[in-house]
Amino acid sequence: MAVTIHDVAKAAGVSHTTVSWTIHGHPGITEETKARVLKAIEELDYHPNYLARSLVSGKTHTIAVVASFFSSPYEMEVMKGIEQAIVETPSGYLITLYSTLNEDERVLKEIVHGRRADAAIALSICPSEETVALYQKNKIPLVVIDENAPGTLGIQLDNFQGGYAGTEHLLSRGRKKPGLVIGSVGEYYHLSQRERKRGFIQALVERNISYDPSMILSIENYYFEEGKAVLDKALELGMDSLFCAAGDEVAMGILFAAKNRGLDIPSELSLVGYDDISGAALVTPALTTVNQPLSHIGKCAYQETLALLKSCVFEEKTILYKPKLIVRASS
């Protein structure tokens, strides 16, 4: 016969509620009680039946993380932070990943309609007012990273400042013909890309350099392989520097293509990336980039989601992180 929570409670000399609170990391449990309960769980080889709990409570004990895709370093770094938070803050919640493949609204709504999760974290996805209202109506917390969605808890990065800092750095080095690499989904640009472009233009204005739309080089997939086409276009337009606000992976693709051409970085072309992923410091020349604390943001998103689930108060709030320019050899 399967071991139940009541068996664990009896062995530990506590109530079944105390066992449940211990499993889910409730702050009101003393270390001595926690140790007794965990010892009983180990000795009895107890495993909570999440399916049975879901049927009884109507809860899935699952948090959905939703993104267009999870293959880029950006998403991986955020997920690393979520993983760290799970290890540091055991909660009993499972994490499920949903790749929308640019069908953001459909996937976000299906999570609610199919009751697939008790909360959702949307990564660089901007839910519509209709979708936000759907989550609010069903009392499902929705945390949004790097987009502006009224009615949600938003964790945002100061992308305007990041765009300004990266551009100003290039201009301060005497560059007069900078280009900005940003990502789009068809005709749509994410908030982060729009704000970085705004920072780029502001830096030009302050240096009395005229902005021209031809300075913008757009990509769609944020892939390393897109770097070659970006470099070809930049050289065709006579650019002397590139600020790759679409991320370090594309910037590394530009760097690789430049080396294959025999182009010297930074004397012939200065290059700045964005994100400060782990490989940015390892390439040659090391990549100047704008650091985003992505792992910390992932950790914060998970902790804020747990807090919303516990409080059941779904207030609108914004947490803002500041970027930091990391100067290396590529500029």
Kindly indicate whether any position in the range 258-268 is modelled with pLDDT of 95 or more and closer than 27 Å to ALA64 by Cβ.
no
Among the residues that make up the range 89-97, is at least one of them modelled with pLDDT of 95 or more and of a type in the set (Phe, Trp, Tyr)?
no
Residues in the range 110-122 that are over 20 Å from the mean Cα position of the chain (by Cα) and within 23 Å of GLN303 (Cβ to Cβ) total 2
In the set GLY279, GLY298, the lone residue that is in a helix (DSSP H, G or I) and at pLDDT below 95 is GLY279
If you go through the range 254-305 one residue at a time, how many are within 16 Å of MET239 (Cβ to Cβ) and touching an Asp or Glu at 6+ places or on another chain (Cβ under 6 Å)?
1
Give me the pairs, please: first residue somewhere in the range 216-242 and of a type in the set (Lys, Arg), second residue anywhere and in a strand (DSSP E or B), beta-carbon distance under 9 Å, and either six or more positions apart or on two chains.
LYS233/GLY179; LYS233/LEU217
Residue check for TYR274: among the hydroxyl-bearing types (Ser, Thr, Tyr), under 27 Å from the mean Cα position of the chain (by Cα) and modelled with pLDDT under 95:
no
Among ALA251, ALA258, which is buried (at least 22 other Cβ atoms within 10 Å of the Cβ), touching a Cys at 6+ places or on another chain (Cβ under 6 Å), under 22 Å from ASN221 (Cβ atoms) and not acidic (Asp, Glu)?
ALA251
Condition set more than 20 Å from the chain's Cα centre (by Cα) and touching a residue at least 40 places away in the same chain (Cβ under 8 Å), scope the range 136-165, selection nearest to THR289 (Cα to Cα): answer is ALA165
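Only one of VAL107, VAL78 is crowded, with 20+ Cβ neighbours inside 10 Å and within 19 Å of TYR302 (Cβ to Cβ); which?
Working: VAL107 fails: within 19 Å of TYR302 (Cβ to Cβ).
None of the other options fit; the residue is VAL78.
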How many residues does the range 223-247 contain that are under 22 Å from the mean Cα position of the chain (by Cα), surrounded by 18 or more Cβ atoms within 10 Å (Cβ to Cβ) and in a loop (DSSP other than H, G, I, E, B)?
3
Give me a count of the residues in the range 178-211 that are crowded, with 17+ Cβ neighbours inside 10 Å and aromatic (Phe, Trp, Tyr).
2
What number of residues in the range 253-276 are over 9 Å from SER330 (Cβ atoms), touching a Ser or Thr at 6+ places or on another chain (Cβ under 7 Å) and not in a loop (DSSP other than H, G, I, E, B)?
2
Here the residues within the range 205-255 that are out of contact with any Lys or Arg (no Cβ under 7 Å at 6 or more places or on another chain) and of a type in the set (Asp, Glu) are GLU206, ASP212, GLU220, GLU225, GLU226, ASP232, GLU236, ASP248, GLU249
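Report the residue count in the range 117-134 for those that are touching a Gly at 6+ places or on another chain (Cβ under 8 Å) and more than 23 Å from SER184 (Cβ to Cβ). Don't jump to the end; show me each part of the working.
Residues of the range 117-134 that are touching a Gly at 6+ places or on another chain (Cβ under 8 Å), as a first pass: 129, 132-133.
If we keep only those that are more than 23 Å from SER184 (Cβ to Cβ) too, we end up with 132-133.
So the answer is 2.
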Whichever residue in the range 113-146 is touching a strand residue (DSSP E or B) at 6+ places or on another chain (Cβ under 8 Å), part of a loop (DSSP other than H, G, I, E, B) and not acidic (Asp, Glu) and, among such residues, is nearest to SER192 (Cα to Cα):
SER124
Among the candidates ALA245, ALA229, which residue alone is touching a strand residue (DSSP E or B) at 6+ places or on another chain (Cβ under 9 Å) and closer than 17 Å to GLY166 by Cβ?
ALA245
Taking the range 301-331 as the search range and keeping residues that are β-branched (Val, Ile, Thr) and in a loop (DSSP other than H, G, I, E, B), which one is surrounded by the most Cβ atoms within 10 Å (Cβ to Cβ)?
VAL327
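The values are calculated or read from the model by the stated rules, or taken from the named source; none is laboratory data. Please read these numbers as outputs of a predicted model, since none were measured by experiment. Don't worry about glycine lacking a Cβ; one is built from the backbone with ideal geometry, like all the others, and counts go over all protein chains shown.
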